[in-house]
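Q: First, the structure itself, so that you have it in front of you.
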Amino acid sequence: MSKKEYLILPLLFIISFSYLIFFCKYGFNIADEGIPLSGALRIVRGEVPLKDFQGYMPGVYYFYYAILKIFGMDILTVRYVISLLTAIIVMMYYLASRKIMSVLFSLFGAVIILAVPGPYYARFLTFFIMLNILVFHAYVEAKPKAAFYMGLTGGITLLFRQDLGLSVLFIAAVIIYSKKYLNARSEQSETNGKYSEAISESKKYVLGYCIVILPLIIYYLYENKLFYILNINYNEFFGGYQNMSLPFPKLSSKWDEIGLFYIPILIYLFASLHIASRLNKKKASLSVNYRNEMYKFYILLIGILSFNQAIWRTHAENIVKVILPAIIYYFYFFDLLFLKLKPNLALRWVVVVIFSLIPLSYVYAMNKNYGTYIGSIDFSVFSYKSMDIQRAKIYTPSKEASEYADIVSYINNNTTPDDKIFVIPFIGIPLYFLSDRINPTYYEWILLPETKIYLNMENQIIESLTKDKTKLIIYVDFALDGLEDRRFKNYAPKLYKWIMENYYLNEMIGDYQLLKYNGTKHLFFDDYDNSIKETPDYDYIKKVVMNINGDKRETLFEHPPSAIKYKMRIPENSLLNFGIAIDPQAWNTKACDGVNFEILINEDKTEKVLFSRYINPKISEDERRWIDNSIDLSDYGGREVILSLRTSAGPKNDNSYDWAGWSKLEFVTKD
């Protein structure tokens, strides 16, 4: 590139950024866009990625955290910065393309990228693909310390995206040691392909790579999390995310699907044949500097390895993340053909029209089918409406705008800023950031792969939700990809059952079920201090552990005459389970004449006895145990009542040694 041509770069940047920033206020992804925002919010609250919560690599979360900390807690500030990053990507693409093609076709490719930049949260992958390509070009041009900077770039890439970070490490090894072969075939070689140069460059690369990742390794090792994280990543790559794969489109599929997934494969096939043919030329006829071939070889390798994103899950979003190397090659071949057909002007322009239709069709399909979710021009037919949420003054399809404004309002009215909420399984993750509430569990989302990757996940989530007494769960029941085995209740049945037993549907906004904590299930013990106690002596009522024949239970000890009253809302369609007993130490005393156990319900000042039983284990050996009972309260579901646990003395009205106890007091859903 000439010095004058470098003036194109700032112009390209200004045009790109000005164009992209206009579209920042449009569109909204109701799942993935919330993941880095939620993680950044957890960092604000003092948590550390991978140590305190799973998800993306730490670099993504800290990048978002820095933006929000500096510019304010607003989704638009993130989008503005990522638009700036995207404008840089467009410049980087132009620079990378100009190494092997003309200005015209480099600009054509840059326009295509500008029109289909991909989702905001996914542009890191695109950025680091281009950054690694450009740094590698400096390496093949034998710039000072280029191998070290290439390693440094690879290490930084790993902080943001582990699969790409490992891919560029592998590619570097292949390229560095393949130089021996290429050097030997080049007249420009001074080292004659000796391995000593490759070893020296490898050391520089590894040094740069390790400078970035070693602090991370040491930190997680210190926190006793390193091997756990490595194991999780192994499970992700080898078996975990294959559970969410989609089949490759058939040749009978829609034209845009065929084009999206088959054209890049054809491009890489042609690129492989092209590079192989160039390298197989004899030294005397090698018309292009071997460094050019190495550069093209690197683009090919990074394109093929990053294409795994599109193979494991054939979705348009995944294609956009990794398509840049294929776009470079497409316009490279377009340029070659354009030059070759120079003598035949008519045929040349026929080829131009045909070859231009493919990238233009790609732009149209992406903007028409996915709008500003993936594209920028947005040929969609959505009717946009202002979302009107403090942290998201953006325009999105009317249904989403209304629903999310209502849900955030509900969260604010029913929880405090210190409360945590839980969004499952995946849809609705932006609600954490929009409502300024964080997730109480280690898991940011729960899809089918997570149940295979984290083997004890369901138990850990139940433990976290129980410990936190999470007040609100937001649940969307859907079958991902239309497959029933990808429906939450089918791949996480234990967690689903626990949630349904411990939470009740309080309100439904669109497809979002707002489930409130059924505190009454454990209220008898958890809310014991707030209960109303009627007793002649406060030592008569207390929480203890009572062991009867080895059956040890947490117990509400209630010496008669006493009553414990709870003001509560009875869960819908529920049964109240409980156990009653008298302490074994009272069985053989002379005074004990048994105890009457009663459960009463008071609604609108009208009291009714729901349960009554007299037991006397002193004379009845069958009652020398925990006697479990259940009463049906479904008629009272959803109603505010006062529920009383009452004990009274036996027939002789002698309360001596009437050491009565209630256990396993909990509400369960009626089958």
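Q: Enumerate the pairs (first residue in the range 533-545 and touching a residue at least 60 places away in the same chain (Cβ under 8 Å); second residue anywhere and open to solvent by less than 60 Å² (accessible area, probe 1.4 Å) and aromatic (Phe, Trp, Tyr)) with beta-carbon separation below 9 Å, excluding pairs fewer than 6 apart on the same chain, so at least 6 apart or on different chains.
A: Sorted first by the residue in the range 533-545, then by its partner, the pairs are Val544/Phe557.
Q: Here is a list of conditions, (1) surrounded by fewer than 20 Cβ atoms within 10 Å (Cβ to Cβ); (2) within 22 Å of Gly303 (Cβ to Cβ), and Lys340 meets all of them except one; can you say which number that is?
A: (2)
Q: With at pLDDT below 95, surrounded by fewer than 18 Cβ atoms within 10 Å (Cβ to Cβ), outside any loop (DSSP other than H, G, I, E, B) and among the basic types (Lys, Arg) as the only criterion, which of Lys590, Lys565 stands out?
A: Lys565
Q: Continuing with the same structure: If Lys143 satisfies all but one of (1) without any contact (Cβ under 8 Å) to a residue 24 or more places away in the chain; (2) part of a helix (DSSP H, G or I), what's the number of the condition it fails?
A: (2)
Q: Something else now. With the range 225-336 as the region, which helices (runs of 4 or more DSSP H) entirely inside it contain at least 1 residues that are under 22 Å from the mean Cα position of the chain (by Cα), crowded, with 21+ Cβ neighbours inside 10 Å and at pLDDT 85 or above?
A: Of the helices (runs of 4 or more DSSP H) lying wholly inside the range 225-336, those with at least 1 residues that are under 22 Å from the mean Cα position of the chain (by Cα), crowded, with 21+ Cβ neighbours inside 10 Å and at pLDDT 85 or above span 290-306, 316-322.
Q: Something else: Whether any residue in the range 203-212 is at pLDDT 90 or above, touching a Phe, Trp or Tyr at 6+ places or on another chain (Cβ under 7 Å) and open to solvent by 30 Å² or more (accessible area, probe 1.4 Å) is what I want to check.
A: yes
Q: Residues to consider are Ile615, Ile601, Ile642; find the one that is under 53 Å from the mean Cα position of the chain (by Cα) and open to solvent by less than 30 Å² (accessible area, probe 1.4 Å).
A: Only one candidate qualifies: Ile601.
Conditions tested, residue by residue: (1) over 21 Å from Glu317 (Cα atoms); (2) without any contact (Cβ under 8 Å) to a residue 12 or more places away in the chain; (3) buried (at least 21 other Cβ atoms within 10 Å of the Cβ).
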| position | (1), (2), (3) |
| --- | --- |
| Leu37 | no, no, yes |
| Phe53 | yes, no, no |
| Phe71 | yes, yes, no |
| Arg79 | no, no, yes |
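Q: Which ones in the range 12-54 are within 18 Å of Ala122 (Cβ to Cβ), of a type outside the set (A, V, I, L, M, F, W, C) and in contact with a Ser or Thr (Cβ under 8 Å, 6 or more places away or on another chain)?
A: Scanning the range 12-54 gives Ser16, Tyr26, Gly27.
The values are calculated or read from the model by the stated rules, or taken from the named source; none is laboratory data. Please read all numbers here as calculations on a predicted model, not as lab measurements. Backbone-built Cβ (ideal geometry, glycine too); neighbour counts: all protein chains shown. Accessible surface is based on the protein model in full, side chains and every heavy atom, while ligands, DNA and RNA are left aside. Shrake-Rupley method; radii C 1.70, N 1.55, O 1.52, S 1.80 Å.
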